[in-house]
Amino acid sequence: MPLSADKKEKVLCSLRRSHNHTDQRMIESDRSLEFSEQVRSDVQEIVKNQQNQNVVNWGKTISQFRTKKRITLCEVAHKLGVCHKTIQLQESKNDPITVDPFFLEAFSLVYHMYPYELLNLPLKHPVNPFLSLDDTTSKYSNVIINTLWDGEDPNKLSLLKAITTIGRLTVERYDYFMSFLSETRSFKKVLKIDPLDCKAADDNSWRGLFRTVVGKVDDRNSDLYQTTYTLWEAFLVIDWLERYDSVRLENLAKLSLCDEDCAKKLAYLVLEIGYPKDPRSLINYDADSHALKFSDPPTRKRTRPYDAW
């Protein structure tokens, strides 16, 4: 089903916020320093000049950029709020077509390319080489690392492990799980948090000091090995999401800021019960009422709805 105009604008607003950076220096007067605003301005120019019409090899071009960025069809579809077949359809259009301004702007933001490049047109505006290191997406990583990266705190490690697990979910299972959390009283407020308001968002000092934490540990069952493995795995997942799925990274940053009660409930849901093998089982589960006994593993034999998880 085609996206409505309101849905398209909602998707673009999210992409503009999450796939953005700020240039440090202006090299062209009257041009925004924000990458997302540059893209939006370019799209408006292109549509006004009708340069999005009679475009040849549109599908081949966007497919090549997606492959180059190492992003799957499903990941792109998730970001745009469509099914993967919609992205496949776009990538199959190589005859002369009129490119939808929505897809032109959305693909530009996701692939971090200028709209003129996606249309195989000469760039109308010079590319600014002075990019800010204070990227919005990187701030989400800052929040997670600075808040939970503590090998001495078992509660923080537990939450970090749960967040890492959520970060590795397939798109479908992630969507179902986040939908479940958003309808749960315990997490509704958490998911409304703006991670960028956190002081930890502006502290990227860990990037220059980071070293590989997994060393030579003989006993893989030791606490030291388990701790270092958890930290290293979390770093790899966060690093990947920073480059390829900033929307999911933002939600993980929100979850990293939840209070102690929510943190234990989330760890219980993810690590004790496990994320749902059958997403439909979520409708039978009430985290608010049942997860109050999260401190100890269930002692009785698990029956429905546990069997469905």
- Taking 0.36 nm per intervening residue step and subtracting the Cα-Cα distance, what contour gain separates ASP6 from ASN120 on full extension? 38.2 nm
- Note on the structure: Taking a crude spin-label model, label points 7 Å out from Cα along the C-beta direction, the LYS188 to LEU236 distance in nm is 3.8 nm
- Task: Please report, in whole Å, how far the alpha carbons of region 53-97 spread along each principal axis, starting with the longest.
- Result: 28, 21, 13
- Query: Heavy-atom accessible area per residue, region 161-209, 1.4 Å probe: how many Å²?
  - Reply: 58 Å²
- Query: Which entries in the list LYS7/LYS124; LYS10/LYS192; LYS93/LYS139; LYS7/LYS69; LYS68/LYS192; LYS188/LYS264 go over 27 Å, if you measure between the two C-alpha atoms of each?
  - Reply: LYS7/LYS124; LYS93/LYS139; LYS68/LYS192
- Task: Over region 1-127, with every protein chain in place, what whole percent of the accessible area is carbon and sulfur at 1.4 Å, could you tell me?
- Result: 51 percent
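The values are calculated or read from the model by the stated rules, or taken from the named source; none is laboratory data. Source: prediction; values computed, not measured. Cβ atoms come from the backbone with ideal geometry, glycine included; neighbour counts cover every protein chain shown. When the accessible area is computed, the model is the full protein with side chains, heavy atoms only, and any ligands, DNA or RNA have been set aside. Shrake-Rupley method; radii C 1.70, N 1.55, O 1.52, S 1.80 Å.
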